[in-house]
Amino acid sequence: MTESLQTLQTQAGATFAPDSTIPQSFGNDPEAYAAAETGVILCDRSHWDLLEITERDRLQFLHNQTTNDLKALQPGQSSQTVFVTSTARTLDLATAYITPDSVLLLLSPHQAEPLMQWLDRYLFPMDKVKIRDLSPTTACFTLIGAKSDQILQKANLTPPESSPEAAHHLIEFQDSQIRLTTDSGLALPGYTLIAPQSHAAALWSTLHQAGAIPAGETVWEQRRIQQGRPRPGCELTADYNPLEAGLISAISFNKGCYIGQETIARLNTYQGVKQRLWGVRLNALVDPATPVMLDDSKIGILTSIAETPDGILGLAYLRSKAGGEGLTVQIGNAEAEAIAVPFLRH
């Protein structure tokens, strides 16, 4: 983040949490929340980490460390994939962008350092792999909403007409190039743009002037929970595996061996998933980590919660045998109902 970008965002009404360079709010949270579906919002995701994996063995190495079949992808394609431990506990949900000479990994905030340390454990002297943290030198912005294409057209950043889902392209912007990806990070239409940090202010201003409504972290968190995207420290922890977290779409069951593969295959084959992540709609605010109760029995735990224009929404792990969508439960002093969320697949 550069000072000029923060100045532009402040002029647009941004307020920042202590020790943060990412806007918490632009004073327009209800409007921005609605625009994520009916218009377009502009989210600053520059605090999400970005790794670059290069050299000859990069695809084979990542193929062996994550849940999806990255070797099947061609340059210009992308895929979500999950980093897991040897016992299939989740580390992070990443998006892998394949280029002719590298793989770019967009990670959750604050995950670059621990993940690089994790990957280093599996690098051998004969492996031709180089891992570089690009986070300090890049900016990342996401457009979310049904009219995202119109914003890109106004900003002269239109992708190719035949651009497929899960694609990414280099687009000329001023005297540099930005990477335009056809995903929003949620189960909503949109695009993510990755640019040199030196061009962050100009790109953000261009998208804002084209009509995108700026949205802060409050709105992103509301929409993350409403959509059901799990995040490290909440839904992605050493207590859960990707099948429990509803990330089956980021798992290949045909790719062969990788870290954690045996556990995931066994759980899938023998239907051994004992808990699943669901959305919940509550009638009162409670704290995360509050137990979920059915009658007098604990059947799960609340992992995230937010007050939104759609009501109080949360994410919770529930025992599979207790039920799923439509189940009525007690969470602290709140009554809650389990609901399906768009991002997750079980």
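Tally Lys/Arg at +1 and Asp/Glu at -1 over every other residue whose Cβ is under 11 Å from the Cβ of HIS63; what's the total? Don't skip to the end; give the middle numbers.
Working: positive: ARG58, LYS71, LYS255; negative: ASP57, ASP69.
Here the count lands on +1.
With a Cα cut-off of under 14 Å and a minimum spacing of 8 residues unless on different chains, the lysine pairs in the chain number 4. In terms of the mean number of neighbouring beta-carbon atoms within 10 Å, the peptides 330-336, 299-305 order highest first as 299-305, 330-336. Ligands, DNA and RNA are left out, and with a 1.4 angstrom probe the accessible area of the range 1-95 is 40 Å² per residue.
With θ taken as phi - 60° and the Karplus curve 6.51 cos²θ - 1.76 cosθ + 1.60 applied, the whole-hertz 3J(HN,Hα) list for the range 56-65 is 3, 9, 4, 5, 4, 4, 5, 4, 7, 10 Hz, x standing for glycine and proline. Peptides 48-55, 95-102, ordered by how many other C-beta atoms sit within 10 Å of their residues on average, highest first, read 48-55, 95-102.
With a cut-off of 9 Å between beta carbons, the residues surrounding PRO109 carry a summed charge of +1, where Lys and Arg count +1 and Asp and Glu -1. Summarising the label geometry, the points placed 7 Å from Cα in the beta-carbon direction at ASP239 and GLU113 lie 2.5 nm from one another.
Can you tally the net charge around ILE22? Count Lys and Arg as +1, Asp and Glu as -1, for every other residue whose Cβ sits under 11 Å from the Cβ of ILE22.
Details: positive: ARG45; negative: ASP19, ASP44, GLU217.
Summing Lys and Arg as +1 and Asp and Glu as -1 gives -2.
Can you pull the Rg over Rh of the range 41-132, Cα-only, Kirkwood? Mind dumping the intermediate values first?
Numbers: Rg = 12.8 Å, Rh = 13.5 Å.
My calculation puts Rg/Rh at 0.95.
Descending by average beta-carbon neighbour count within 10 Å, the peptides 184-190, 306-312 line up as 184-190, 306-312, the highest first. Close amide H contacts of THR308 (hydrogens built in the peptide plane, cut-off under 5 Å, sequence separation of 5 or more or a different chain): LEU313. Amide H contacts under 5 Å for LEU134: LEU50, LEU51, GLU52, restricted to partners 5 or more places along the chain or on a different chain, H placed in the peptide plane at 1.01 Å from N. Taken one residue at a time, the phi angles of the range 4-13 give Karplus couplings (6.51, -1.76, 1.60, θ = phi - 60°) of 5, 5, 4, 5, 4, 5, 5, 4, 8, x Hz. Gly and Pro are set to x. Where does the Debye-calculated log10 I(q)/I(0) of the range 272-346 sit at q = 0.28 Å⁻¹, using only Cα point scatterers of equal weight, no solvent? The Debye formula, applied to the Cα set alone, gives -1.48.
Ranking GLY260, VAL280, LEU294 by Cα position along the charge dipole of the range 182-331, where only Lys, Arg, Asp and Glu carry charges on their C-beta atoms, puts GLY260 farthest toward the positive end. Measuring nothing but protein heavy atoms, the accessible surface of the chain at 1.4 Å probe radius is 48 percent carbon and sulfur. Amide H contacts of GLU335 (H built 1.01 Å from N, in plane; Pro and chain starts excluded): ASN283, ALA284 sit under 5 Å, all sequence-distant by 5 or more or on other chains. What's the FRET efficiency of GLU37 with ILE301 using the Cβ-Cβ distance as r and R₀ = 25 Å, to the nearest 0.05? FRET efficiency, GLU37 to ILE301: 0.30. Taking the Cα centroid of the range 1-72 and of the range 225-244, what is the distance between the two, rounded to the nearest whole Å? Between the Cα centre of the range 1-72 and that of the range 225-244, the gap is 18 Å. The 3J(HN,Hα) values that the Karplus relation (6.51, -1.76, 1.60; θ = phi - 60°) gives for the range 308-316 are, in residue order, 10, x, 8, x, 7, 10, x, 10, 8 Hz. Gly and Pro appear as x.
The values are calculated or read from the model by the stated rules, or taken from the named source; none is laboratory data. Because the structure is predicted, anything quoted here is derived from the model rather than measured. So basically every Cβ, Gly included, is an ideal-geometry build from the backbone, and we count neighbours across all protein chains shown. These area figures cover heavy atoms from the full protein model, side chains too; ligands, DNA and RNA do not enter into them. Shrake-Rupley method; radii C 1.70, N 1.55, O 1.52, S 1.80 Å.
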